[in-house]
1. B:D377 fails exactly one of the following numbered conditions: (1) exposed (fewer than 14 other Cβ atoms within 10 Å of the Cβ); (2) among the acidic types (D, E); (3) over 38 Å from the mean Cα position of the chain (by Cα). What is the number of that condition?
2. Mind listing just one residue for me: the one in the stretch A:230-280 that is within 18 Å of B:E203 (Cβ to Cβ) and aromatic (F, W, Y) and, of those, nearest to the other protein chains (Cβ to nearest Cβ)?
3. Inspect the stretch B:60-69 for any residue being closer than 25 Å to A:P225 by Cα, surrounded by fewer than 20 Cβ atoms within 10 Å (Cβ to Cβ) and modelled with pLDDT of 50 or more and give the result as yes or no.
4. Quick check on the stretch B:173-220: of everything there that is over 16 Å from B:S239 (Cβ atoms), more than 27 Å from the chain's Cα centre (by Cα) and assigned to a helix (DSSP H, G or I), which residue is farthest from the other protein chains (Cβ to nearest Cβ)?
5. Since B:P381 meets every condition but one in (1) in a helix (DSSP H, G or I); (2) touching a residue at least 40 places away in the same chain (Cβ under 8 Å), which condition does it not meet?
6. Which number in (1) at pLDDT 95 or above; (2) more than 23 Å from B:R316 (Cα to Cα) marks the one condition that B:E438 misses?
Amino acid sequence: MNRMLPIVILIAGIIQSTDRVCGESLHSPKYYEAYYSGLIAMHERRLEDAAEAFTKAISSEGEKERAAAWSQNVVRTLDAAKEGTQIARRLSSISQAPSAVKLYFISKYLNQAHTLGPAKAREVMDHLPSDMKQHPWNLPGKVAAMVHLYHADALSDMSASMKPDEARSLISEAASLYGQVARQGPVNLREAATKNAAILQYKMRDYAAALVHYLDLISTHPYTPDRQLFHLNTGKCYLMQKNYAAAEEAFVTAARDFPAGKGAVKADTYIRYTRKKGGL
Amino acid sequence: MIYCLCDFHYTVRHHRSASSRFISQLRSSFVTASLSFILIAPLGAELISLEEMTGRWKGRAKAAASKRKWTEAAELLRKVELANEKDVESKHLHAFVLYQAKQYSAAAQKYHEVLLQDKNSFAAAYHLGRCLYEMKFHALATTAFERAATLKLKEKELWNPHVDGKPLNAVDEATAAADCARARCLLDWSEALGKLRRVKFPEEVKRHRSEADRILESLSMKQLPDSLGGRVAYYAALSAQQKGKQGDARKQFRLLVDSMPEHPLAPTASFAEARSWNEEDPLKALSLYRAFMGRFKESAIVADALIQTGVIYGRRKEFENAAKTYTECLERFPEHARIVQVHYQIGLSYLSAAKEKGNIKLYEMAAEKLIEFTKRDNGNPPFLGPALYHAGEAFLGSGQKESARSAFTKGIQRWPDSHWAKKSKEKLNSGVFEKPDE
């Protein structure tokens, strides 16, 4: 038995060196590099780069299942995007697939349609089965948020080429989707979503809703370069509501706190106008 | 491995007693195990923990930052943050890297995150102020600097010489640096407010100026290191200039340049002194600009001095000198922020000189320079419309009617409704040109 001791320790040493130390997972540096590069690429919506990175991670020593899961998602969405106009048909044929998969397809296709232009987006929307147009929030946060964003972008683009009356329902739907991302989406998508929601709501003359979004942007994104613009737009919303005192305060903040910003001249003009209107 | 096994057999054969056998076996077991790591490790892939990997990323990020490779460093630090959200040190470094890469908004956000995790971080508050200052968010920057100074003062109150190794004056210097930055911010803020055309904020301007003066005065009483003392002197001079006390400002600028010629703000002070004479005495300004360019040859502000010199020559109708100065600026500082204007002014100055002297060679030179200008930025520079019109004028002056017609026509085709197109049409219809055959 004693003679076996060094061999036992040797084997234990080998196992220990290749598997775990004190319960902590050990992976090759190549795996970490590839996996985290993939995550960053995903975050930045560079899906080709993400797919490549996750493939590298799978071929390296590490937690292959985790990388494979991401890779599968990315590849699937990339495939869907490449399908182009055929995707609507495919969507019909996979109506039994889990909703997350369908939504991935929809999101990516909408994204592509978005880049192809409003007419194509409208074509796609017409082809989508009605049940797929519902986007429940039972998906992983980022995926759902991206689905909503793509959808909202497409709707917003489509509405741009329509007459105001026709566009109203689309704008309203897009604004509601942006609003959902703004409230529930991941932090990195919130600012853009809130901003777009506010813009669309202002367009729809829902000044109260737009105002809530602008006030939210000011309090939650204090260091965004658009901060002065947000104060200006807050002022405009108050102005439309004929709340002249609050409007003036917002315009004064935009001019007084950011006098070197590009919007200072505009704020300057609005202050005079507001004072005149409000009889101040 | 072979060595270990030999060692093991050797041990078994020569040590007979039970206890000594056990000890020697244990010894050889450790030797074997440790050698197995050495011998086997190279055969398989290197395996490490996430913590070790983040440590490596941080090390590489620091190395990249020290070589000013900001993009590479930022990429590595993003990975660190994804792997460990609570790592304040990497967040701080990331913010610094973003600041250096001039991504001020992202850097400010990062410093804000640091402050959320470590609300007493002087460095984060101070650098947040710097980011906001660069973004020209004067109100927010002032607040950040104030917070930084307060944090340092609080630290001073809690400072214990027996526990903290830092000398007390280091704490004072940090507070002074934050105060000095706040004073600069207040001065810039009041200046920007003063430039607003319609709505004025006299109360705010007055308050910011007096607050800046109060800070600078209290700092000037303190024993400060030269770097900080120089900054205080420079901002005090700026403050005097803002209040219209040009004499005092010039004296203070001169004092700074003479007493601390190596200070980073000495070239700026020397330039500011020269510039203060621009309107009052252009000749004196010219001589001061020349002195500045002789003394601070390597400074980046030399480009601005050359531009100012060109402007003064232009005002004095010394157009050829102006053109030469602008040409020097273009050759020496092709990347300067205002280089497009400078390039345009070369041709324009030659054209003005030609018009004044009626010299054909100068017209030719003007045409050449203006056409050269129209080809920059892939043939689409700003001021292209006026540049084509003036090129047409220059060609006309030098007698090259076809080239003139071509320049005018090009301008009209490109911007048919512009002011310059209208002027070009007037030239084309002025009778100078023969009408093309029907």
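The values are calculated or read from the model by the stated rules, or taken from the named source; none is laboratory data. It should be emphasised that the depicted structure is a prediction, and the values quoted were computed from it without experimental measurement. Here the Cβ positions follow ideal geometry from the backbone for every residue, glycine too, while neighbour counts run over all protein chains shown.
1. (3)
2. A:F258
3. For the stretch B:60-69, residues closer than 25 Å to A:P225 by Cα, surrounded by fewer than 20 Cβ atoms within 10 Å (Cβ to Cβ) and modelled with pLDDT of 50 or more: present.
4. It comes out as B:P202.
5. Of (1) in a helix (DSSP H, G or I); (2) touching a residue at least 40 places away in the same chain (Cβ under 8 Å), only one is false for B:P381: (1).
6. With respect to (1) at pLDDT 95 or above; (2) more than 23 Å from B:R316 (Cα to Cα), B:E438 is out only on (1).
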